[in-house]
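The values are calculated or read from the model by the stated rules, or taken from the named source; none is laboratory data. On a predicted model such as this, the values are computed, not experimentally measured, just so you know. Cβ: placed from backbone, ideal geometry, glycine included. Neighbour counts: every protein chain shown. Heavy atoms of the whole protein, side chains included, go into the accessibility calculation; ligands, DNA and RNA do not. Shrake-Rupley method; radii C 1.70, N 1.55, O 1.52, S 1.80 Å.
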Amino acid sequence: MGLMQVDEHDVDHKQQPAASVKSSVDKYQLLPEFLKVRGLVKQHLDSFNYFVTTGIKRIVRANDRLVSAVNPSIYIWFKDVRIGQPSIYRDGINEKITPQMCRLSDLTYAAPITVDIEYTTLGSHPEKIMQKVIRDFWDILLVLCGHQIPIMVVLKAMGMESDQEVVQMVGRDPRFSALLLPSIEDCASLDIYTQEKASEYLEGKVKKFNFGSPSSNQERRALAILRDVFLANVPVSKNNFRPKCLYVGVMLRRMMEAMLNKDAMDDKSIKKNIIFEGLERTLSTGNFDVKRFKMHRKGMTQVLQRLSFIGSLGHMTRISPQFEKSRKVSGPRALQPSQWGMLCPCDTPEGEACGLVKNLALMTHVTTDEEGGPLISLCYCLGVEDLELLSAEELHTPNSFLVIFNGLILGKHRRPQHFANTIRKLRRAGKIGEFVSIFAHEKQRCVYIASDGGRVCRPLVIADKGISRIKEHHMKELSDGVRTFDDFLSDGLIEYLDVNEENNALIALYEGEATHDATHIEIEPFTILGVCAGLIPYPHHNQSPRNTYQCAMGKQAMGNIAYNQLCRMDTLLYLLVYPQRPLLTTRTIELVGYDKLGAGQNATVAVMSYSGYDIEDAIVMNKASLDRGFGRCIVMKKESAIIQKEYKNKTEDRVLRPNRTGPDAEKMQILDDDGFASPGEIIRPKDIYVNKESPLVTEGQELSVDERRHCIYRPAKSTYKGPEGETCVVDRVALCSDKEGNKRIKFIIRQTRRPEVGDKFSSRHGQKGVCGTIIQQEDFPFSERGICPDLIMNPHGFPSRMTVGKMIELLGGKAGVSCGRFHYGSAFGEPSGHADRVEAISETLVKHGFSYSGKDFIYSGITGSPLQAYIFMGPIYYQKLKHMVLDKMHARGSGPRVMLTRQPTEGKARNGGLRVGEMERDCLIAYGASNLIFERLMLSSDPFDVQVCRVCGLMGYYNHKLKVGICSTCKNGDNISTMKLPYACKLLFQELQSMNIIPRLKLAEA
């Protein structure tokens, strides 16, 4: 504990800046309390729990009764639906399972869904109630007309026959009427004036089906589509289409306003109706394929990345768009102002998904659905005039606002601000749900109320005329454990705002900056960043793309992934042998627990040029540091084998004892007597780790016991195919049975790697570089205190990158080491005391005998004389990334080829060739190295001898009997020449000929 003796003077320096501002309350303690209740990964749990408890029941209730169209007395009625315990049926008993068990033995963590069914058959009474496990989901047929239909026809079919009423409903503006005129004229030309005529017209447009309901229902399909599919969010009760008509009117008006006036446009994407089929396959592959509706969606579910702890956490806060990535449009990719505080401005991938894939900020919460019925009746009680009682003319009267609840028009209100304030007061008093949002839109003259799921919202402190409602005694009660985060909500001190309502609020960053008009105050400004960006110290001193680069690289850093990492059986696992927590930390790091599961090491870095092997961000490393374990990592890979219990003819696989003598004995050295590799053995490429044999005949009729005993087996040994030169160790062996009852053996093969030239490292500021050379400590420069750096970084990495945060991190780390206290560098944290100021850090350095600028007096390790300049030196947190030379290094001579083109295969895994591409070809042309081009592009790739006819210029063939080439077009071999051609070229000529294009080769004498 000697490190943690904090000097009192240092604490004073940290507290002074915060105290000099207006006496504001430190609200930081609310963050850990919020994360206990909500946030980070809670939205996934909330969403799943909501689906299990409420969602499934609502789905079944919506389609609970299936009645025969031929005989209505025959029906199936789904009553109650329940979800059982996750279990597996084994040896006649139901055994409970846990997610860890399923991961280890490759099972699906699934629970049975049971439902009570009441059904009748002909002549029986509806008493029979039966429990069945639902396996298949009932299809709902929804087919939209594939035709363009005038909007007036649709309105007439829904009962609004008067053109005048439609014009009144859209608005009296003559420009609106002019835009509606073509649709009215279309109606007249089609001779449609009544609801009946419009319905007939629509019936003609609807696709007729050969399957589905009988012909009696076929006539009324158009009405059903208008009722259930067209604007499905507006319910129709007792065939009253009036709410739907009014909704269409508002939509038309918005559309026309957008056409006439670009300001009125708002960015809203349209949700598509998705119909699920094959749920388990969808969950495991992430692909939606519903052929009837021509739906093909990829990546709907993703496998959680477990490469690093922060990678998993970042993946759980990710938002994937419904926008195609291939389109190069900048609009959806830009950082929208409304993302402030809701989505992280830094954390987005580079490349084609840039700006489309986003991540939630630290205090964002995603809502789940709330019951809407009580809220609707509350709105009517508070003076909303019902839509049913309004004429079309009154829909847009200037003295009142429309009230829209979750996309449904409820009616109008004459005092919108008063109405909004009333609902807000009710929410703050805890009388209605905390996530209900209310927002008056002046331009559109609407009041929006939302209680649906899927909205992002975040908590803010309520301010009255710029004065925060949270006082010192509230925070003291919180720290004493008397008050919880929910108490702050119910007492009206904090409230959740979603994006719409946030647009109507004036939010102050700090209490001291709050003006008289401020309605809310941020809890902490650094919460506008997400989890990944929260790891960066002093991000507000860096150029913004650098923070984005670090967000991508932090997910690739090796370290700890979870507390149970040594009990897991993952396909690939990277672990750091000696991970450390960063010396210069941030508040986010402590909140998400990164200090407990770090992914990097504090390296002493000297910023200077050395050896010439540090050009272009390369790093010079100290060999003695590597010997002590800097950057050392463990790579664990999984190998598995299945022992089939029973084939069709009742034969099964068997595992034999290893041969201790004979031809294969050398490869079987690591096997135990049971035929499996034993833990702790060194495994080399081509070693056998399971000595398995399979029956030669597995198909056909069942064999008797005697025949099975004497059946012939073939060897089916599992061989380790690792790269040469690596020493790997069998770490663990696990035996389990899969859902078919076959025995499955899993091996974890471990390899310890130390950093070598070409391994990739990065600091927390997007400064990535590879190891350029490793130098003995004797030749390394050292300071007058005898401190030798672990890394040397080229100073050219700073000027163009402008990562000032990295320099402050070096200073802060150096001060932290010398005074024994972790310094902080949270974003925007200087005013609130969550980031140490440079002046305070420099003062600490001077007090402990260092230069205020962090520079040291350095001696050359080679000559022993002092260097001419002072060198900037101190600890920086460095991450080792997963890209290692050992995994990438690849070369080949001759090897496998592709069947079709006879060219070498591609990629390291397939032992592929190294491609000379178009750009490389251009360089060789520029050099004039024609023979080298000829060799690379043909001789080393796919040379092929062809017979070419000099008369017709087409390719022939070689007759081996007559020992002569023959042209198949001229039917003789008189004018045949043999020439070399790339096989891919010959293939192209033949493919062109198959499309009636004849390429002819004109030969000249060489």
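Side notes on the structure shown:
- Residues (open to solvent by 70 Å² or more (accessible area, probe 1.4 Å) and either touching a Phe, Trp or Tyr at 6+ places or on another chain (Cβ under 9 Å) or farther than 24 Å from Thr727 by Cα (or both)) located in segment 682-705: Arg684, Lys686, Leu696, Val697, Glu699, Gln701, Glu702, Val705
- Of all residues in segment 896-933 being over 38 Å from the mean Cα position of the chain (by Cα) and in a loop (DSSP other than H, G, I, E, B), the one that is nearest to Gly722 (Cα to Cα): Arg902
- Selection of first residues in segment 693-716 that are touching a residue at least 40 places away in the same chain (Cβ under 8 Å) and of second residues that are surrounded by fewer than 10 Cβ atoms within 10 Å (Cβ to Cβ) and basic (Lys, Arg), restricted to Cβ pairs under 9 Å at least 6 apart or on distinct chains, gives the following pairs, ordered by first then second residue: Glu693/Arg714; Ser694/Arg714; Pro695/Arg714.
- Scanning segment 885-924 for residues that are closer than 20 Å to Leu988 by Cα, open to solvent by less than 70 Å² (accessible area, probe 1.4 Å) and hydrophobic (A, V, I, L, M, F, W, C) yields Val898, Val916.
Here's the yes/no breakdown for (1) at pLDDT below 90; (2) touching an Asp or Glu at 6+ places or on another chain (Cβ under 6 Å):
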{"residue": "Ala618", "(1), (2)": "no, no"}
{"residue": "Lys623", "(1), (2)": "no, no"}
{"residue": "Arg632", "(1), (2)": "no, no"}
{"residue": "Glu639", "(1), (2)": "no, no"}
{"residue": "Lys645", "(1), (2)": "yes, yes"}
{"residue": "Thr651", "(1), (2)": "yes, no"}
{"residue": "Ala665", "(1), (2)": "yes, no"}
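- Verdict on Arg292 being at pLDDT 80 or above and either over 23 Å from Leu535 (Cβ atoms) or outside any strand (DSSP E or B) (or both): no
- Within segment 435-467, tally of residues that are hydroxyl-bearing (Ser, Thr, Tyr) and part of a strand (DSSP E or B): 2
- Test: Leu597 is assigned to a helix (DSSP H, G or I), of a type outside the set (Val, Ile, Thr) and under 19 Å from Phe822 (Cβ atoms): no
- Residue in segment 805-816 that is part of a strand (DSSP E or B) and under 17 Å from Ala606 (Cα atoms) present: no
- Cross-chain or 6+ apart pairs with Cβ under 8 Å, segment 946-961 first and polar (S, T, N, Q), then in a loop (DSSP other than H, G, I, E, B) and surrounded by 13 or more Cβ atoms within 10 Å (Cβ to Cβ): Gln947/Gly956; Asn959/Gly973
- The set of residues in segment 462-514 that are open to solvent by 40 Å² or more (accessible area, probe 1.4 Å) and among the polar types (S, T, N, Q) comprises Ser479, Thr484, Ser490, Asn500, Asn503, Asn504.
- Residues that are surrounded by 14 or more Cβ atoms within 10 Å (Cβ to Cβ) and aliphatic (A, V, I, L, M), drawn from segment 85-109: Ile88, Ile97, Met101, Leu104, Leu107
- Residues of segment 22-56 satisfying the condition of being under 23 Å from the mean Cα position of the chain (by Cα) and part of a loop (DSSP other than H, G, I, E, B): Arg38, Gly39, Leu40, Val41
- Complete set of residues in segment 564-592 that are more than 23 Å from the chain's Cα centre (by Cα) and among the hydroxyl-bearing types (Ser, Thr, Tyr): Tyr578, Thr585, Thr586
- Among the residues of segment 383-433, those identified as under 14 Å from Ile449 (Cβ atoms), assigned to a loop (DSSP other than H, G, I, E, B) and either out of contact with any Leu (no Cβ under 7 Å at 6 or more places or on another chain) or touching a residue at least 60 places away in the same chain (Cβ under 8 Å) (or both) are Gly383, Asn406, Gly407, Gly433.
- Matching residues in segment 647-678 - criterion: being open to solvent by less than 60 Å² (accessible area, probe 1.4 Å), without any contact (Cβ under 8 Å) to a residue 40 or more places away in the chain and within 44 Å of the chain's Cα centre (by Cα): Val655, Met668, Leu671, Gly675
- Taking segment 541-558 as the range and being in contact with a strand residue (DSSP E or B) (Cβ under 8 Å, 6 or more places away or on another chain) and open to solvent by 20 Å² or more (accessible area, probe 1.4 Å) as the test, the residues that pass are Tyr549, Gln556.
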